Amino acid sequence: MLNRVDAIKRVRPTLLGRSGAVQRFLREAQAAARVVHPNLIQVYDADKADDTYYIAMEYVPGPDLARVVAETGPVAARRAAGYVRQAAAGLH
């Protein structure tokens, strides 16, 4: 309805029975919603629908760092330092 692509992160049903899994997920959502910076994704909402907890957030196209490493191997130190610098700037 909003004519945009968003991302949804949810707790896997297999994790719902694990002690503290939902609480950790909700803490993550609350922490992410408190920060606004161009280097960090924007959280729009977090809620529960039926038995599914989810976070609705900004969609950023492209692979995540885990996929890049899995597909191309370790990242060069200079490039890795740049990623850490960008994340640190966002969290600052």
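The values are calculated or read from the model by the stated rules, or taken from the named source; none is laboratory data. Owing to the predicted nature of the structure, the values given are computational and were not obtained by experimental measurement. Backbone-built Cβ (ideal geometry, glycine too); neighbour counts: all protein chains shown. Surface accessibility is based on the protein's heavy atoms, side chains included, excluding ligands, DNA and RNA. Shrake-Rupley method; radii C 1.70, N 1.55, O 1.52, S 1.80 Å.
General observations
- Dipole of the stretch 22-82, positive direction: furthest Cα of Thr52, Gln42, Ala81, with charges on the beta-carbon: Ala81
- Ligands, DNA and RNA aside, Lys9 has an accessible area near 80 Å² when probed at 1.4 Å.
- Extended-chain gain in nm, criterion 0.36 nm per residue less alpha-carbon gap, Ala66 and Arg12: 17.6 nm
- With contacts taken as Cα pairs under 8 Å and at least 6 residues apart, the chain reaches a relative contact order of 32 percent.
- Debye, to nearest 20: dipole size of the stretch 13-71, +1 on Lys, Arg Cβ, -1 on Asp, Glu Cβ: 260 debye
- Which of Ile8, Ile55 is most accessible, then next, and so on - probe 1.4 Å: Ile8, Ile55
- Overall, the accessible surface of the chain at a probe of 1.4 angstrom is composed of carbon and sulfur to the extent of 54 percent.
- Alpha-carbon centroid distance for the pair the stretch 1-37 / the stretch 41-65, whole angstrom: 6 Å
- The residues of the chain have, on average, 80 Å² of accessible surface per residue, using a 1.4 Å probe with all protein chains present.
- The solvent-accessible area of Val11, taken with every protein chain present and a 1.4 Å probe, is close to 10 Å².
- Residues within the reach of a label modelled at Val22 (point 7 angstrom out along Cα to beta-carbon, backbone nitrogen below 16 Å), restricted to the stretch 50-90, are 50-55.
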